[in-house]
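What follows is a short report on a single structure.
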Amino acid sequence: MTTSEGTGRLLQIFWDWLRHQNLLRSPFFPVFFSLTVYLSCCLPYVCLDLLCSRLTLVRRFKLQPLSGVTWAMAWRCLRKTLHNHICFIFPISVVHWYWRPVFSPAPAPELLTVVKDVLACLLLFDMQYFLWHLLHHKVPWLYHFFHKEHHVYTATFSLTTENTGAWETLSLSFFAALNPALLGCHPLTELFFFVTNMYLSVEAHSGYEFPWSPCRLVPFGLYGGARHHDLHHLKFKVNYAPYFTHWDRLLGTLQGTQGKLRDTLKRS
């Protein structure tokens, strides 16, 4: 059995288990899954924030080493996330569950199809978020009423990822749910896309850059990463794309991150 065949078999076994558990058919699943994935992605960075003031080894990878995260800040962000999920995401999930039952085909997708579809969904989401984000920064009343809350902290940390108002949470959730449907993705691929999208979003807000961070692994500066987005929170008018850099490069809003963040911190 080749590696590809082995991976395909594992995907099939996992998909069969999900289908037999009927997890996808529950109206509670979207909220439970979303919160579980989000908090799981945030937890390692929360632990790093607790250690940062004590360990120089951790602090050397922090983009803004003089900034700190207090329990009050963390609880404020967490409370906002829980509020948005309970008051907005859950009711919409119930309506969606009632009007459009989940389709669960028996065969699992092939590994190569999963990779291609997840990448396609990420690129489409990146474009949608870039345009949405740019519009909310260029139109003052949109920024004031809908996006300003996300910019409360100029030094990002993992839990600021979903420190947003209801409109922003619902808008971005709509894009994330729409893209797999537009591209005709398998339900299992949709789950993998959601996990990947959530991890990359949390990583971009984490405030840390490690040698194994995605921006170090993707060549030619095609991926921005945490340093790219941290600079956006510092300067507001640059680096609007969440992940990749091509849209900012094309529209002239790309701010190079090599040494720029350090210079900005020194002037502030």
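Remarks
- Residue satisfying all of: in the stretch 143-164; in contact with a His (Cβ under 8 Å, 6 or more places away or on another chain) and free of Cβ contacts under 8 Å to residues at least 60 places away in the same chain; farthest from CYS41 (Cα to Cα) among these: TYR143
- Residue within the stretch 255-264 that is at pLDDT below 95 and β-branched (Val, Ile, Thr) present: yes
- One residue alone among GLY207, GLY252 is closer than 24 Å to HIS137 by Cα and touching a strand residue (DSSP E or B) at 6+ places or on another chain (Cβ under 7 Å), and that residue is GLY207.
Table: residues versus (1) modelled with pLDDT of 95 or more; (2) of a type in the set (D, E, K, R); (3) under 22 Å from GLU162 (Cα atoms); (4) touching an Asp or Glu at 6+ places or on another chain (Cβ under 7 Å).
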{"site": "ARG9", "(1), (2), (3), (4)": "no, yes, no, no"}
{"site": "PHE14", "(1), (2), (3), (4)": "no, no, no, no"}
{"site": "ARG25", "(1), (2), (3), (4)": "no, yes, no, no"}
{"site": "PHE29", "(1), (2), (3), (4)": "no, no, yes, no"}
{"site": "VAL46", "(1), (2), (3), (4)": "yes, no, yes, no"}
{"site": "VAL58", "(1), (2), (3), (4)": "no, no, no, no"}
{"site": "LEU66", "(1), (2), (3), (4)": "no, no, no, no"}
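- Set side by side, the residues SER173, SER206 differ, and just one is closer than 20 Å to PRO65 by Cα, within 14 Å of the chain's Cα centre (by Cα) and in contact (Cβ under 8 Å) with a residue 60 or more places away in the chain, which is SER206.
- Scan of the stretch 27-75 for residues that are more than 20 Å from ASN197 (Cβ to Cβ), among the small types (Gly, Ala, Ser) and free of Cβ contacts under 8 Å to residues at least 24 places away in the same chain, ordered by number: SER53, GLY68, ALA72
- Unique match (being within 20 Å of LEU182 (Cβ to Cβ), part of a loop (DSSP other than H, G, I, E, B) and in contact with a helix residue (DSSP H, G or I) (Cβ under 6 Å, 6 or more places away or on another chain)) among SER93, SER104: SER104
- Residue in the stretch 244-253 that is closer than 30 Å to ILE13 by Cα and of a type in the set (Phe, Trp, Tyr) present: no
- Residue in the stretch 81-93 that is out of contact with any Phe, Trp or Tyr (no Cβ under 9 Å at 6 or more places or on another chain), among the β-branched types (Val, Ile, Thr) and under 24 Å from VAL218 (Cβ atoms) present: no
- Whichever residue in the stretch 146-166 is polar (S, T, N, Q) and not in a helix (DSSP H, G or I) and, among such residues, is surrounded by the fewest Cβ atoms within 10 Å (Cβ to Cβ): THR154
The values are calculated or read from the model by the stated rules, or taken from the named source; none is laboratory data. Bear in mind the structure is a predicted one, so any value in this text is a computation, not a measurement. So basically every Cβ, Gly included, is an ideal-geometry build from the backbone, and we count neighbours across all protein chains shown.
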